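Beneath this line is the structure, given in structure tokens, with notes to follow.
The values are calculated or read from the model by the stated rules, or taken from the named source; none is laboratory data. Everything numeric in this text was worked out from a predicted model, so none of it was measured. Cβ atoms come from the backbone with ideal geometry, glycine included; neighbour counts cover every protein chain shown.
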Amino acid sequence: MNEYEVIKKIFLPLSIRKEYSLNLDDDANLLPNKKQIVVCTDSIVEGDHFQKNEKNSLLIAKKLLRSNLSDLASMGAEPFGYTLNLSLPKKFGNKKLINWIKLFAKGLKQDQLKYQIELLGGDTVITKGPLILSLTLFGFKKKKIIKRSNAQNNDDIYVTGNIGDSGIGYKILLNKLNLNTKLNNFYISKHKLPDPPVNFGKNLCLLANSATDISDGLLADLNNIITSSSCGATIYIENIPFTTYTKNLIKKKKIDINYLLTCGEDYQLIFTAKRKYYNNLILLAKKNFIKITKIGKIVKGKKLLILDKNNQKLSFQNLGFKHF
């Protein structure tokens, strides 16, 4: 069973009121309230989402918070506050642990000011295992919630920001790729400190039909949209947004474009919208200093079609990160 099947076959039966769980299909869910509370949760683990023995806990705090903010942004919701659970390794020792927590809290404080949110509560335990951090973020619905399952035939498909920078940074940290100092630092910073389009996302609710954040890889997360919406999609490799640095790496064959589309942890948004909203989307993006790129369209059927510059079909063995 893959992650999708585990959720649908094992956990969905535990979800009694589907109007709140949204069939466990989206990046966040709802709670009963006149303001319609939206809630999401995410965890990051030492050795998977950040390096073992990472000393800069300020960056870890921001990545944890921003990965959740990315989920809420994909739902078109306004963030409010969060709860925090820390499973801290016994190996730290008391003095090191306190210093680590202080720097971690400093990172949270900086981003609380940036995104206008606050800590609501949580729990801390000491463990013999690795460092595991979990955060649950609460927000409010604005005009409506954007769901994965509402992509419409002939919708345009958009992404925010650039794709693959975080994945390249991850390769550098694993010593599987080495560039010059400037590029190494650029890509590592993209991996350690994502920049989700929070303000753009919370104002997207009247324009987008469907959306999700890009955490498991562009192709995997687009496939989640079309699976939930019972439709297909066609995207064009030539339209995928990469930084100039990344385009040069592709030309020099230092990085595989297949990897860039499947590596994940971009924490940008992929969304669909009717063609008539193109100008509105461009204006909203400019207002929020966000780059958006149209990469394809929603089509009939249930397949994801990826075309090269000659309109030839490309095949991918894996669409993205698999949790199972």
(request) Give me a count of the residues in region 97-125 that are surrounded by fewer than 20 Cβ atoms within 10 Å (Cβ to Cβ), of a type in the set (Gly, Ala, Ser) and assigned to a helix (DSSP H, G or I). (result) 1
(message) Residues that are surrounded by 12 or more Cβ atoms within 10 Å (Cβ to Cβ) and either modelled with pLDDT under 95 or more than 23 Å from Cys231 (Cβ to Cβ) (or both): does region 267-278 have at least one?
(response) yes
(message) Looking only at region 225-242, count every residue that is part of a helix (DSSP H, G or I) and either surrounded by 22 or more Cβ atoms within 10 Å (Cβ to Cβ) or in contact with a His (Cβ under 6 Å, 6 or more places away or on another chain) (or both) and tell me the total.
(response) 3
(message) When the residues of region 150-175 are narrowed to those that are hydroxyl-bearing (Ser, Thr, Tyr) and assigned to a helix (DSSP H, G or I), which ends up surrounded by the fewest Cβ atoms within 10 Å (Cβ to Cβ)?
(response) Tyr170
(request) Taking the options Lys128, Lys147, name whichever one is at pLDDT below 85 and either over 19 Å from the mean Cα position of the chain (by Cα) or surrounded by 13 or more Cβ atoms within 10 Å (Cβ to Cβ) (or both). (result) Lys128
(message) Of everything in region 176-200, what is of a type in the set (Val, Ile, Thr) and surrounded by fewer than 17 Cβ atoms within 10 Å (Cβ to Cβ)? Give them in sequence order.
(response) Thr181
(message) Here is a check on your reading of the model: is Thr136 surrounded by 13 or more Cβ atoms within 10 Å (Cβ to Cβ) and more than 22 Å from the chain's Cα centre (by Cα)?
(response) no
(request) Scan region 205-225 for residues that are within 13 Å of Ser70 (Cα to Cα) and either modelled with pLDDT under 95 or not assigned by TED's automatic domain parsing to the domain that holds Tyr259 (or both) and jot them down. (result) Ser215, Asp216
(message) When you check Leu177 against the structure, is it modelled with pLDDT of 95 or more, of a type in the set (A, V, I, L, M, F, W, C) and either outside the structural domain of Ser67 (by TED's automatic domain parsing) or more than 19 Å from Leu260 (Cα to Cα) (or both), yes or no?
(response) yes
